[in-house]
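Notes for the one structure printed next.
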Amino acid sequence: MSERKDLLGDVRRVVVKIGTTSLIKDGAVSKEFMDSVAEQVFRLREEGRQVLIVTSGAIGIGLKAMGAKPKPNEMPIRQAAASVGQSILMQRWSESFQRYGILVAQILMTFDVYSDRDSANNLNNTVESLLDNSVVPIFNENDAVCINEIKFGDNDTLSAIVASRTDSDLLVILSDIDGLYDSNPSENRDARFIPVVHRIDDSIKAMAGGTSSGFGTGGMKTKIDAAEICRDARCNMIIASSKVYGVVYRTVAGDDVGTLFVSGDEVPKKRRWIKSAHAAGRITIDKGAEKAVLEHRSLLPVGIRKVEGEFRKGEVVEIVCEGRIIAKGVPSYSSKELASIAGRHSDEIEGILGYRLHADAVLSENIALLTI
Ligand code: ADP
């Protein structure tokens, strides 16, 4: 068996992320590309694999249909275009899949839906039910209603979250580039291709440093962030070029196409959710508490210096020390309650609040470290 096939194992469930650059050719949606994706998905399903799709492209398609040319950052017209474009986009996907007798479903995501644990669980049930009924779920961010605060921002992150939530074995990110290089190839002609990444460390992150120069939507940086989300979910990830013939089928089959990010040990689902959920506030802690959080995932009220934002019990917050976010967590108390017990010993909690749920401000199982 080839090294790639060995590393990938048997892929039962795969998420395929399709970027705008792959879908739109010369200003128009590439029907040929969509048909080819549908055909490859058909073949994968014939082999007993399940496929989910994350698609971009709605804003571009909508702007073209409306004949609109907004100025950069002109939100209302972009959001209007997203709602026009999304229905055209789904119609096109639907037509392509119909050729192979496959039914598709549209799932529009917002970060706040995902950040609410009940909604996230409901979504999971919907997806499982669709897959049980042989439907291909097609995700996109709901740009028509999204304001910046509740945005995933790019479909790289969204696709990784979908892969993580649905316990997928592989995420394939299709892009205009054939994978990760040791520096941005559009700026450096000598950039070298990296076929496999076993560990995402600072040197790997530094390779994607060139993205801020305005290339694409997320560039490589958001793709590496996506790889970190996948790693924690025991999901492999491949970045590959949409121009490679049969790219979806071939990556799943373990051909040497694109850059493979090998998954790591699985982090419990709840901690994964905490890590990527929207933070409703922040707790600043002192150095002693930082040590306790990092070493034992323990945070008592006595180590809390400041509480910012308004949050309820059950919402996710950032845990910050000296300006650096070291962890995220779900506190056992609301922001108001935490503010009144900050800096106090745990045996004072009942006297101050009139009840005591836990001695910890945030329980260990509800803390996800961001520093590793
Ligand atoms: P998509 O729209 O398909 O998600 P993006 O344009 O957002 O694609 O991201 C791919 C781009 O990232 C490449 O075309 C390249 O210009 C840029 N990039 C930055 N750093 C790197 C790197 N180290 N290796 C490869 N591509 C890089």
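The values are calculated or read from the model by the stated rules, or taken from the named source; none is laboratory data. Here the structure is a predicted model, which is why all the values come from computation and not from measurement. Methodologically, a virtual Cβ is constructed for each residue, glycine included, from the backbone with ideal geometry; neighbour enumeration extends over all protein chains shown. We work out accessible area using only protein heavy atoms, side chains counted, and drop any ligands, DNA or RNA first. Shrake-Rupley method; radii C 1.70, N 1.55, O 1.52, S 1.80 Å.
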Filter pass, Lys221 being surrounded by fewer than 16 Cβ atoms within 10 Å (Cβ to Cβ) and not in a loop (DSSP other than H, G, I, E, B): no
Thr251, sole failed condition from (1) open to solvent by 10 Å² or more (accessible area, probe 1.4 Å); (2) assigned to a helix (DSSP H, G or I): (1)
For Tyr333: the one exception among (1) open to solvent by 10 Å² or more (accessible area, probe 1.4 Å); (2) without any contact (Cβ under 8 Å) to a residue 60 or more places away in the chain; (3) part of a loop (DSSP other than H, G, I, E, B): (1)
Selection within segment 228-241 - surrounded by fewer than 22 Cβ atoms within 10 Å (Cβ to Cβ) and in contact with a Phe, Trp or Tyr (Cβ under 9 Å, 6 or more places away or on another chain): Glu228
Test: residue in segment 116-133 that is open to solvent by less than 20 Å² (accessible area, probe 1.4 Å) and under 30 Å from Val330 (Cα atoms): yes
Unique residue being over 21 Å from Glu228 (Cβ atoms), among the acidic types (Asp, Glu), touching a helix residue (DSSP H, G or I) at 6+ places or on another chain (Cβ under 9 Å) and open to solvent by less than 60 Å² (accessible area, probe 1.4 Å) when the list is Asp169, Asp156, Asp143: Asp143
Residues of segment 26-72 classified as closer than 24 Å to Ile238 by Cβ and within 13 Å of the ligand (Cβ to nearest atom), total: 5
